[in-house]
1. Return the total of residues in the range 106-127 being surrounded by 13 or more Cβ atoms within 10 Å (Cβ to Cβ) and within 15 Å of residue 205 (Cα to Cα).
2. Among all residue pairs at least 6 apart or on different chains, which show Cβ distances below 7 Å where the first residue, located in the range 33-51, is at positive phi and the second is modelled with pLDDT under 90?
3. Say whether the condition of being out of contact with any helix residue (DSSP H, G or I) (no Cβ under 7 Å at 6 or more places or on another chain), surrounded by 21 or more Cβ atoms within 10 Å (Cβ to Cβ), assigned to a helix (DSSP H, G or I) and at pLDDT 90 or above is met by at least one residue in the range 84-105.
4. Have a look at 49, 45 and point out the one that is in contact with a strand residue (DSSP E or B) (Cβ under 9 Å, 6 or more places away or on another chain), closer than 18 Å to residue 21 by Cβ and modelled with pLDDT of 70 or more.
5. Hey, can you tell me all the residues within the range 186-214 that are more than 15 Å from residue 121 (Cβ to Cβ) and part of a loop (DSSP other than H, G, I, E, B)?
6. Which members of the range 133-159 meet the condition of being under 25 Å from residue 207 (Cα atoms), surrounded by 15 or more Cβ atoms within 10 Å (Cβ to Cβ) and free of Cβ contacts under 8 Å to residues at least 60 places away in the same chain?
7. Return the residue satisfying two criteria in turn: it lies in the range 134-167 and is over 27 Å from residue 14 (Cβ atoms) and part of a loop (DSSP other than H, G, I, E, B), and of such residues it is nearest to the chain's Cα centre (by Cα).
8. Would you call residue 140 out of contact with any helix residue (DSSP H, G or I) (no Cβ under 6 Å at 6 or more places or on another chain) and modelled with pLDDT of 80 or more?
């Protein structure tokens, strides 16, 4: 089942890191319950119970649009929220790990060179990790490199599988980010997650990017 969050809880989650590109896996208690449960949050606004049937609910959100889903969704309040990072989530669901090539979180922090372009893939036109007011990527967000994105398209690879995204539907939008030399990032290989193989390049921006670094948005 899916739910919607209050604006204050949306903003709280938006201020916390992603688990992977386009989603957060959180642990929390429903209001009035002492039981810890796991939820997947899409675009920091729609909450889906992780009870084995989340795939169908994610597909519905992607196909019908997140706005229409929110209109009809019930409000939920989650207490004592903990956002799981990529490694914590993989360990909990016992996903295999590629020992030869590390994920972004396991690699060193480096500075951007001011020339390289990065691309964030999304099922949502209004991807909240893109701060369109300040034209920047928000802190705690994932992208891939433009080079890997172009390889994915040239080889006609499935981006959902390549980047281990939670939904099984077509990616619709690409957001281009060109960080400046003062911006920092971590890069690595997408590890298996959400039942997907991964293998593409992932780039993590713990501090986001500087104002004016959001370049453009295009269809995938």
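1. Of the residues in that region, 9 qualify.
2. Once the first residue is at positive phi and sits in the range 33-51, its partners that are modelled with pLDDT under 90 give 43/66; 43/124.
3. Yes: one or more hits.
4. Numbers: 49 fails: closer than 18 Å to residue 21 by Cβ.
Of 49, 45, the one residue that is in contact with a strand residue (DSSP E or B) (Cβ under 9 Å, 6 or more places away or on another chain), closer than 18 Å to residue 21 by Cβ and modelled with pLDDT of 70 or more is 45.
5. Correct list: 191, 192, 195, 197, 206, 207, 208, 209, 210, 211, 212, 213.
6. 145, 146, 148, 149
7. If we take residues in the range 134-167 being over 27 Å from residue 14 (Cβ atoms) and part of a loop (DSSP other than H, G, I, E, B), then 158 is nearest to the chain's Cα centre (by Cα).
8. On the way: out of contact with any helix residue (DSSP H, G or I) (no Cβ under 6 Å at 6 or more places or on another chain): yes; modelled with pLDDT of 80 or more: yes.
Here the answer is yes, as residue 140 does meet what is asked.
The values are calculated or read from the model by the stated rules, or taken from the named source; none is laboratory data. All values derive from a computational prediction rather than experimental measurement. Glycine also receives a Cβ, built like all others from the backbone with ideal geometry; neighbour counts cover every protein chain displayed.
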